[in-house]
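Have a look at the structure below before the remarks.
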Amino acid sequence: MSATKRLILLAVVVGFVVAPLSAVPVPAVLIKLPTIAPTGSPWHKALLDMGAAMDKETAGRVKVTVFPNSALGGEPAVVRNMRSGQFQASLLMLPGLSLIDESFNALGIPFFFQNDAETKSVQEALTPLIEQRISAKGFHLLAWTTGGWIQIFSKKPIKSLAELKQAKLFTSDGDTRMVQWYKTNGFHPVPLEANAVGPQLKIGMIDATPSPAYVAQLLNLYADAPYMLDVHVAPFLAGIVVTKTAWDSISPEDQAKVTAAAKAFEKTTSVDIPAKDAASVAEMQKRGLTVTVMDKKASDEFRAEVERLVASMKGEMVPADLYDKAKAARDAFRSKAKAPGPR
């Protein structure tokens, strides 16, 4: 066989070998994303839009299936199953995120923040450190979201901290340290899955629950808890996390596209939902909600006691370094806000 024929034969053989290999499609990364967000809620709809965008922008290489309304379990179960590899991602509220790492508790300290701008400033300051901590535990933070401010809804009027301590207060199941913190400080916590709040309010297992106004309206909680204490407890924050195993199985090019879709979710929900939250109180008042405002004496006593309670979280519920960084970022924002503008 001549040299020319041998080269032609080799080219044909290589072509048969390489062509089938190059035609083999890359398996899609399948992401199960359970969440306690109610079916049809703005969070649920935004998650569906995010998943559709990820599918489209990656040409089907990343596919997300959303399971809303605690269909696959509450947040403690979801976090456990993410660690075992059954689920790849979730939209978790702060109590659920804190089961991954307690650094998230620094963004949920009661009465620590005054407004949305202050909260956002501290959140941005803490995010790089939080990302480092959860990466070491096998998770990646994709996006944040917010839903207004947590307030207290109750079956009977609550006008002071003493009355709040007497109430059977909903707390998130799975966080035993937080439950113990409440008990140590004189509260009566009742740990439950989030989707049990409505039914348990109805039968009296609990008689008070923290909730953003929009969520209380969405879930009709005010029907069984028709009183709202007009005091902003904390911002209602949540985040989308994905396991590192799933994240690392996505190509760098597709990771950029997935991140862009997640940031679009963050931008949309962080604007639309707080606006709904602000309008929800007035709407619920039309339907029978009574808003309770503490008098000055009760308010001063409330905040003085809360300052003491909050300080006790440092090093216990909130890692000391995160607490200090949060406080420094908050105080820096306040100082800047108070500084006189240029003349």
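The orientation-averaged projected area of the convex hull spanned by the Cα atoms of the chain comes to 24.4 nm². Put a dot 7 Å past the Cα of ALA320, heading toward its Cβ, do the same for SER84, and the two dots end up 3.7 nm apart.
Considering only Cα-Cα distances, which of the following residue pairs are longer than 18 Å: LYS137/LYS244; LYS296/LYS327; LYS156/LYS202?
Details: LYS137/LYS244 9 Å; LYS296/LYS327 26 Å; LYS156/LYS202 13 Å.
Listed pairs above 18 Å: LYS296/LYS327.
Peptides 270-281, 89-100, 299-310, ordered by how many other C-beta atoms sit within 10 Å of their residues on average, highest first, read 89-100, 270-281, 299-310.
The trypsin sites (Lys or Arg not before Pro) of the range 101-175 that DSSP puts in a loop, and whose beta carbon has at most 12 other beta carbons within 10 Å, are LYS137.
Could you work out [θ]222 nm for the chain from helices alone, using -39500 (n - 2.57) per DSSP H run of at least four and dividing by all its residues? Round to the nearest 500 deg cm²/dmol. So the calculated ellipticity at 222 nm is -16500 deg cm²/dmol.
Separation of the range 66-83 and the range 203-268, taken as the distance between their Cα centroids, equals 13 angstrom.
Remark: the range 210-223, residue by residue, has Karplus-estimated 3J(HN,Hα) of x, 6, x, 4, 5, 5, 4, 6, 4, 8, 6, 5, 5, 5 Hz, where x stands for each Gly or Pro and the curve is 6.51 cos²θ - 1.76 cosθ + 1.60 at θ = phi - 60°. The aspartates and glutamates within cross-link reach of LYS32, meaning a Cα-to-Cα straight distance under 20 Å and a gap of 8 or more places when in the same chain, are ASP49, ASP55, GLU57, GLU75, ASP248, ASP254, GLU266.
Bear in mind that the values in this text are calculations on the coordinates, not laboratory data. These figures come from a predicted structure and were not determined experimentally. Reconstructed Cβ throughout: ideal geometry from the backbone, glycine too, with neighbour counts over all protein chains shown.
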